[in-house]
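Below is one structure, written out as structure tokens; the observations come after it.
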Amino acid sequence: MRRQTSYDPARDYYALLGVEPGADIEEIRRAYRQRVREFHPDLHPDRVEWATDQIQLVNEAYTVLRSATRRKEYDRARWPYARSAPRPAG
């Protein structure tokens, strides 16, 4: 059983990946791969724990945003906090 999708303004998934809320799956995939390369622990030998934490956050964001169902749940939870975001359908 998976955890219910929620929203934490300090860990906005769109901001973590550096994409707009209207991004399509291909943009999300490219941003995910770029962030993984950027935060890879091999590139930060003096901050391995931090890099590993960042990779985990990026993986979490990608897991939610690549799934249409989970993304819709996330957008519903995010909407009250994101004033510029359009109200989610349904």
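Checking the structure you have, find out if any residue of region 18-41 is over 15 Å from the mean Cα position of the chain (by Cα) and either outside any helix (DSSP H, G or I) or small (G, A, S) (or both). Yes, region 18-41 has at least one match.
Scan R33, R76, R29, R83 and give me the residue that is modelled with pLDDT of 95 or more and open to solvent by 90 Å² or more (accessible area, probe 1.4 Å). I'd like the intermediate steps shown before the answer.
Values: R76 fails: modelled with pLDDT of 95 or more; R29 fails: open to solvent by 90 Å² or more (accessible area, probe 1.4 Å); R83 fails: modelled with pLDDT of 95 or more.
Only one candidate qualifies: R33.
Pairs meeting the criteria (first residue in region 43-62 and surrounded by 13 or more Cβ atoms within 10 Å (Cβ to Cβ), second residue small (G, A, S), beta carbons under 7 Å, at least 6 apart or on different chains) are H44/A51.
The values are calculated or read from the model by the stated rules, or taken from the named source; none is laboratory data. These numbers were taken from a predicted model, which means no experiment stands behind them. Positions of Cβ are generated from backbone atoms using ideal geometry, with glycine treated the same way; all protein chains shown enter the neighbour counts. Please note that ligands, DNA and RNA were not included when accessible areas were found on the heavy atoms of the full protein model with its side chains. Shrake-Rupley method; radii C 1.70, N 1.55, O 1.52, S 1.80 Å.
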